[in-house]
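J.: Sharing a structure here in structure tokens format.
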Ligand SMILES: [Ca+2]
């Protein structure tokens, strides 16, 4: 063999060896889970997510919270830090526990050490924002910090906050310094560091859904505002006012879109919006457009919740929480989103959270939203099943190897448990 061919062969063998390492890389699904009757600790479940493993969908680890704040948090959303060595999870009910006098001020955010991804640990690292309650979504920034959205104050009234947290639970700031006068109840967060922007959606005023205070509101107070922030200064620099009582829940920058446009779901308006942030005046103003009207499309009162985009920005998966469906969407023209496929779930499934795996072929859908029980008037307990669908064929197809773990009975010692937010630990992508 000529020397050049020999070198080529060596290089190919090395590449093959590296490919083997990549295929052996970790592929795990973390599920932030609440104990339904609040009698056992809330916990993090780790499920095998490698589709070639005989243990695909089985429990790899279960890590309970410990300490006085371990109970009744109603685990909501979680995310990894940028380096994936820390997982931060928010408890949307943690702020209620001063009323129940379990402890004077329950911690609201919990940090797991994920240095060993198959055996994460909880070492008691927590955070408790001073100004805000109803802790909701977290977003990791490249400097190692997190942005946390909180829907309301410590009393559950309007004027939530965005809190900046370190990976060790230190509160680095609570924003904005001067809140908007009304309707500031942030839920969804989407960030483009390259544009120095982040966007938040004002969903509902939490107190309007609580038993103690709901009569003052006459029903759930859905908000109608979406905020444009400068990331570096954490200032609100613009506001979209969308349909009255729209209830914007989640929002995502279209990946790499030169116009910086955003897709947002509006629960009560039953619509998907396209938002134009008016970068350099490119499109002529801070405008929004109805990109998909679900009522007009034949899905009235369906409550769109999580909309997740593929990395090419051309496809999205959407959960209909009240409509009990999962939709596959074509975003080729983001001003006129088309429904490509509809996957019906049983009545009462209540799909809420969804996330697309980095492989861009599988989507996780979690059937649970919130069950306020005696605390309030939102009762969407779902069937507590986690689904996996493939969608790369243009259809939503249940993954035949995924065992559809049912959190009603997956952990018998806890009784019923409620899976909410998930996060992928997927190396090699
Ligand atoms: Ca229990």
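Taken together, the values in this text are just the output of simple stated rules run on the coordinates, not laboratory data. From a predicted model like this one, the values you see are computed outputs, not experimental measurements. Glycine gets a Cβ as well: all are built from the backbone with ideal geometry, and neighbour counts include every protein chain shown.
J.: How big is the Kirkwood radius of segment 156-247, worked out from every pair of different alpha carbons and given in Å to one decimal?
T.: Over segment 156-247, the inverse of the mean reciprocal pair distance is 14.0 Å.
J.: Indicate the gyration tensor shape class of segment 273-370 (rounded, prolate or oblate), computed on the Cα atoms with a ≥ b ≥ c the square roots of the eigenvalues: a/c under 1.5 is rounded; otherwise a/b larger than b/c is prolate and the rest oblate. Could you put the intermediate results ahead of the total?
T.: Numbers: a/c = 2.09, a/b = 1.55, b/c = 1.35.
The shape class here is prolate.
J.: Using alpha-carbon pairs under 8 Å, 6+ residues apart, how would you state the relative contact order of segment 176-302 in percent?
T.: Relative contact order here is 17 percent.
J.: According to a simple spin-label model (label point 7 Å from Cα along Cα-to-Cβ), what is the distance in nm between residue 52 and residue 397?
T.: 1.9 nm
J.: Relative contact order of the chain: what whole-number percent is it, with Cα pairs under 8 angstrom and at least 6 residues apart?
T.: Computed value for the chain: 12 percent relative contact order.
J.: How do 224, 361 line up, fewest other C-beta atoms within 10 Å first?
T.: By the 10 Å Cβ count, ascending, the order reads 361, 224.
J.: Quickly work out the residue 237-to-residue 213 label distance, labels modelled 7 Å from Cα along the C-beta direction, and quote it in nm with one decimal.
T.: 3.2 nm
J.: Expected output is a single nm value to one decimal: the length gained when fully extending between residue 287 and residue 194, i.e. 0.36 nm times separation in residues minus the C-alpha distance. What is it?
T.: Residue separation times 0.36 nm, minus the Cα-Cα distance, leaves 31.4 nm.
J.: Could you check the spin-label model distance between residue 82 and residue 359? Points 7 Å from the Cα along Cα→Cβ, value in nm.
T.: About 2.9 nm separates the two model spin labels.
J.: Given a Förster distance of 25 Å, report the FRET efficiency between residue 429 and residue 336 from their Cβ-Cβ distance, rounded to the nearest 0.05.
T.: It comes out at approximately 0.20.
J.: Between Rg and the Kirkwood Rh of segment 176-302, both from Cα atoms, what is the Rg to Rh ratio?
T.: Working: Rg = 15.0 Å, Rh = 15.2 Å.
Ratio of gyration radius to Kirkwood radius: 0.99.
J.: Then there's this: For the chain, what class follows from the C-alpha gyration tensor (a ≥ b ≥ c being the square roots of its eigenvalues): rounded when a/c is under 1.5, otherwise prolate if a/b is larger than b/c, else oblate?
T.: The shape class here is rounded.
J.: Quickly estimate the mean residue ellipticity at 222 nm for the chain, helices only: each DSSP H run with n ≥ 4 gives -39500 (n - 2.57), and the total goes over all residues, rounded to 500.
T.: Working: 2 runs with 25 residues, N = 429.
Mean residue ellipticity, 222 nm, calculated: -2000 deg cm²/dmol.
J.: For a quick check: sort 66, 239 by the number of other beta carbons within 10 angstrom, fewest at the front.
T.: 66, 239
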